[in-house]
Amino acid sequence: MGGLPARTSDQRTVLLRLDPDLRWLLPPRLRDAGQRELGFDPDATVGHLVQAAGVPLTEVGGLLLDGTPARPDARTQPGSVVEVRPVLRPQPVPPGGFLLDVGLGALARRLRLLGLDAAWSNAADDPDLVAHAVAEDRVLLTQDRRLLMRRALPHGALVRGSRPDDQLTDVLDRFVTSPAPLTRCTACNGGLAPVPKAEVADRLEPGTRRSFDEFSRCTRCGRVYWRGAHAQRIDALVVQAGVARSRRGPRDGIGG
Ligand SMILES: [Zn+2]
């Protein structure tokens, strides 16, 4: 952002300048300018100011304080300028996988159809959700910014998009994933294991029994799966996953 002074002339405030990728988090009237002025407070850390401007730290990949790289616990000076950069994509997924907030059930089913470990919680209680993410080492996916600002949460991400397909594209773009379709139950997130046809034959429609020979069963809830039931949906999601990866390719050098 060359040409602009490293400090503002106003000694009572601190100026936050957001990367274009983060400006949608500002109130609408500030989005074009992409910056927000906050009152100087000697006790406030840079991280506190960034979150006060509406940007959860989970969405931040780098901070410049008066032109110098800074950590979220740094303190500003009167008239300081803070530049806020977005997280670098793609990010690794923690060993536990994903945990989705109550409003993202449709996204959870899509991730599971791709074989990704996506726990979904209908807990309305924020501390419970955060505790669940911590206990199982999962990254919490949500559209609730306040939830991401909770101090106890180690891994979180603000999901973009109102339609589940757009949300899926965002998640596949943001995280390193290895889709393995038909390995996970869309209903309960349990793992699927192959099962002999004879063992499930009495639960199948005659057409399914005639047309398919390979079946798997959820090790947790017992639901039976075969490729025919989900083939089109899975193929569409796999294509979508590939598109999300190739789209980010030129930006970070990781091709699809
Ligand atoms: Zn299941």
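Where the only charges are on Cβ atoms (+1 Lys, Arg; -1 Asp, Glu), what is the dipole of the chain about its Cα centre, to the nearest 20 debye?
Numbers: 36 positive and 30 negative charges, 119 e Å.
My answer is approximately 580 debye.
Write down the Å³ per residue value for the convex hull defined by the alpha carbon atoms of the chain.
Values: hull volume 36.7 nm³, N = 256.
Taking the convex hull of the Cα positions in the chain, it is 143 Å³ per residue.
Based on DSSP H runs of at least 4 residues, each adding -39500 (n - 2.57), what is the mean residue ellipticity at 222 nm of the chain after dividing by all its residues, to the nearest 500 deg cm²/dmol?
Only helices count here, giving -8500 deg cm²/dmol.
When the dipole is taken about the Cα centre of segment 13-86, and only Lys, Arg (+1) and Asp, Glu (-1) are charged at their Cβ, what size is it in debye, to the nearest 20? Intermediate results must be reported in sequence, preceding the final value.
On the way: 8 positive and 10 negative charges, 28 e Å.
Dipole size: approximately 140 debye.
What FRET efficiency comes out for the pair residue 152/residue 235, r = Cβ-Cβ distance, R0 = 45 Å, nearest 0.05? Write out the running numbers ahead of the final one.
Values: r = 40 Å, r/R0 = 0.88.
Using R0 = 45 Å, I get an efficiency of 0.70.
Over the chain, calculate the relative contact order: mean separation of alpha carbon pairs under 8 Å at least 6 apart, over the residue count, as a percent. Don't skip to the answer; put the middle values down first.
Values: 455 pairs, mean separation 38.8, N = 256.
This gives 15 percent for the chain.
Going by alpha carbons, how many degrees (0 to 90, nearest 10) lie between the helix axis of 227-252 and the longest principal axis of the chain?
It works out to around 30 degrees.
To the nearest 10 degrees, how steep is helix 126-135 against the longest Cα principal axis of the chain, on a 0 to 90 scale?
Between the helix axis and the principal axis of the chain, the angle is about 70 degrees.
Would you mind checking the tilt of helix 164-174 against the longest principal axis of the Cα atoms of the chain, expressed as 0 to 90 degrees and rounded to 10?
70
Using the per-residue mean of other Cβ atoms lying within 10 Å as a proxy for protection, in what order, highest first, do the peptides 145-153, 178-186 fall?
Values: 145-153: 15.6, 178-186: 17.7.
Those peptides, ordered most packed to least, come out 178-186, 145-153.
State, to one decimal in nm, how far the label point of residue 176 lies from the label point of residue 203, with both points 7 Å from Cα in the Cβ direction.
For residue 176 paired with residue 203, the spin-label model returns 3.6 nm.
Could you tell me which of 72, 87, 39 has its Cα farthest along the dipole of the chain towards the positive end, charges placed at Cβ (Lys, Arg +1; Asp, Glu -1), taken about the Cα centre?
87
In nm, what is the difference between 0.36 nm times the number of residues separating residue 220 and residue 125 and their Cα-Cα distance?
Fully extending the segment from residue 220 to residue 125 adds 31.7 nm.
Kindly give Rg over Rh for segment 114-221, based on alpha-carbon atoms, with the Kirkwood expression for the hydrodynamic radius. Display every interim value, and only then the final one.
Details: Rg = 17.8 Å, Rh = 16.4 Å.
Taking Rg over the Kirkwood Rh, I get 1.08.
Would you mind putting 114-123, 214-223 in packing order, based on average other-beta-carbon counts within 10 Å, highest first? Each step should come with its number before you reach the end.
Working: 114-123: 19.1, 214-223: 15.9.
By packing density, highest mean first, the sequence is 114-123, 214-223.
Give the order of 40, 212, 98 when sorted by the count of other beta carbons within 10 angstrom, beginning with the fewest.
Values: 40 17, 212 14, 98 27.
Final ranking by Cβ density, sparse to dense: 212, 40, 98.
Quote the charge dipole size of segment 97-249 about the Cα centre in Debye, to the nearest 20; the model charges only the Cβ of Lys and Arg (+1) and of Asp and Glu (-1).
In total the dipole reaches around 280 debye.
Only the coordinates and a few stated rules stand behind these numbers; no lab work does. Everything quoted here is computed from the prediction, not taken from an experiment. Please note: Cβ atoms are built from the backbone with ideal geometry, for glycine as well, and neighbour counts cover all protein chains shown.
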